[in-house]
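For reference, the structure discussed in these notes is given below.
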Amino acid sequence: MSSEEGASRAGPGRPEPEDNVAARIKLEREARGWSTVTLAEKMAEIGHPINQSAIWRIESGKPRRRVNLDEALGFCEVFEISMSDLTGPPLKISVAARQLIRLFTERSKEYLAQKDALDRLYQEVREARLALFAYTDDHPEQSDEIEELLRAHQAAEDEAWAKRTHPAFSELRKQGKLPPPLT
């Protein structure tokens, strides 16, 4: 293929998904606050090496550099997006909005992971409590002592919760601007 043929294939007559890929790479990179150097480093880390100047030529070159399949797979991996997201038309939202969406998405994933861990722990606490009640049923002579220990545990838990509550929240609750804490 001559260089003229290559330029025309990479130029204005190229398929729309190729333009979408270039725009999406730039959008995703900027949304993360990454330079082309940083993106090149991240691509190399995951086994899809590409140099910084190639990334610039993909995003801004005249004509733009084409992206091969290996590179496209690497961009999908490093940006954590699907191939259809990479090749589809990029959304027309600002970089700042993309950064906020990314932050929201990351925090949501963290929250769900923590929530799952807490749900499992809650289930274990519930099972331990049921086992304790079953033990008390089988050993009624120890029920008074067990209840005493449970009251002491509850008092210590209440005290620990009170220490975790920020004084500003307590003041807002007194003023009726916040609901009481969940128990």
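If you scan the stretch 53-73, which residues turn out to be of a type in the set (Val, Ile, Thr) and in a helix (DSSP H, G or I)?
55, 58
Pull up the stretch 1-34, narrow it to residues that are among the aliphatic types (A, V, I, L, M) and part of a helix (DSSP H, G or I), then point me to the one that is modelled with the lowest pLDDT.
Step by step, filter the stretch 1-34, then rank; the result is 7.
Looking only at the stretch 79-105, which residues are open to solvent by 90 Å² or more (accessible area, probe 1.4 Å), at pLDDT below 85 and within 15 Å of the chain's Cα centre (by Cα)?
100, the sole residue that qualifies.
Restricting the search to the stretch 35-52, which residues are open to solvent by 70 Å² or more (accessible area, probe 1.4 Å), outside any helix (DSSP H, G or I) and either among the acidic types (Asp, Glu) or farther than 15 Å from residue 69 by Cα (or both)?
51
Among what's in the stretch 151-178 and is open to solvent by less than 90 Å² (accessible area, probe 1.4 Å) and not in a helix (DSSP H, G or I), pick the residue that is modelled with the highest pLDDT.
The residue in question is 176.
Let me spell it out: the conditions are (1) open to solvent by 90 Å² or more (accessible area, probe 1.4 Å); (2) closer than 22 Å to residue 16 by Cα; (3) modelled with pLDDT of 90 or more, and residue 71 meets all of them except one. Which number is the exception?
Result: residue 71 fails condition (1) only.
Take residue 108 and tell me if it is outside any loop (DSSP other than H, G, I, E, B) and open to solvent by 70 Å² or more (accessible area, probe 1.4 Å).
no
So which pairs qualify, if the first residue must be in the stretch 110-132 and aliphatic (A, V, I, L, M), the second must be part of a helix (DSSP H, G or I) and surrounded by 10 or more Cβ atoms within 10 Å (Cβ to Cβ), the Cβ gap must be under 9 Å, and the two must be at least 6 apart or on different chains?
Sorted first by the residue in the stretch 110-132, then by its partner, the pairs are 132/146; 132/150.
The values are calculated or read from the model by the stated rules, or taken from the named source; none is laboratory data. Note that the coordinates shown come from a computational prediction; the quantities given were computed from them, not determined experimentally. As a convention, Cβ positions derive from the backbone with ideal geometry for all residues, glycine included, and neighbour counts pool all protein chains shown. These area figures cover heavy atoms from the full protein model, side chains too; ligands, DNA and RNA do not enter into them. Shrake-Rupley method; radii C 1.70, N 1.55, O 1.52, S 1.80 Å.
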